[in-house]
Amino acid sequence: MPVTYQTEGVRMPHIKKRETTEWIKRVAATYGKRVGEIAYVFCSDEKILEVNRQYLRHDYYTDIITFDYSEGDRLSGDLFISLDTIRTNAGQFGTAYDEELRRVIIHGVLHLCGINDKGPGEREVMEAAENKALQLRFVRGNLVR
């Protein structure tokens, strides 16, 4: 299974896994990439803070942490997503929880494709890439109930 979905300390979000995986493959293909092993780990704020401290030496909450193990054109990685932060951000941004979850799911894949968002002007590039990727999800219908 190239893409897996797991939880740690939270309930699994309502995701249509097969359709989401196909969407991820379509997005990767637009960057000339193919999907290897990608593991999504949905977790709590406390878990993502623990991961952030332990592996990145950062002492703050975040919505996603992407560990990139890609080689060549084959994407591989572990993506930790805090469902608590997704919920908080959805409220702050005035978006639906499911929409924010989809954006963060694909945000991690875009990182694996080589798109960054920390340097000057990179956030705008990432947002444009997210918006383009979100449009691709409609090829086969909605992915999150």
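Values computed for the structure shown
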item	result
Breaking point among (1) in a helix (DSSP H, G or I); (2) crowded, with 17+ Cβ neighbours inside 10 Å, for residue 55	(2)
Selection status of residue 134, touching a residue at least 60 places away in the same chain (Cβ under 8 Å) and in a helix (DSSP H, G or I)	no
Subset of region 32-83 (residues that are out of contact with any helix residue (DSSP H, G or I) (no Cβ under 8 Å at 6 or more places or on another chain) and hydroxyl-bearing (Ser, Thr, Tyr))	55, 69
All positions within region 9-21 that are surrounded by fewer than 18 Cβ atoms within 10 Å (Cβ to Cβ) and under 16 Å from the mean Cα position of the chain (by Cα)	12, 14, 16, 17, 18, 19
Single residue of 112, 101 found to be of a type outside the set (Gly, Ala, Ser), at pLDDT 95 or above and under 20 Å from residue 9 (Cβ atoms)	101
Per-region count, region 130-145, residues modelled with pLDDT of 90 or more and over 17 Å from residue 34 (Cα atoms)	5
Condition met for residue 3 (among the β-branched types (Val, Ile, Thr), free of Cβ contacts under 8 Å to residues at least 40 places away in the same chain and within 21 Å of residue 115 (Cα to Cα))	yes
Residue among 38, 24 that is within 26 Å of residue 136 (Cβ to Cβ), touching a residue at least 60 places away in the same chain (Cβ under 8 Å), assigned to a strand (DSSP E or B) and of a type in the set (A, V, I, L, M, F, W, C)	38
Contacts under 8 angstrom Cβ, first residue in region 105-121 being at positive phi, partner surrounded by fewer than 21 Cβ atoms within 10 Å (Cβ to Cβ) and at pLDDT 95 or above, 6 or more apart	114/31
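To keep it simple, each residue is scored yes or no on (1) surrounded by 17 or more Cβ atoms within 10 Å (Cβ to Cβ); (2) outside any loop (DSSP other than H, G, I, E, B); (3) in contact with an Asp or Glu (Cβ under 8 Å, 6 or more places away or on another chain).
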position: 78; (1), (2), (3): yes, yes, no
position: 85; (1), (2), (3): yes, yes, yes
position: 95; (1), (2), (3): no, no, no
position: 98; (1), (2), (3): yes, yes, no
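The values are calculated or read from the model by the stated rules, or taken from the named source; none is laboratory data. Quick caveat, the model's predicted, so the values are computed rather than measured. Counting neighbours? That spans all protein chains shown, and the Cβs are built from the backbone with ideal geometry, glycine included.
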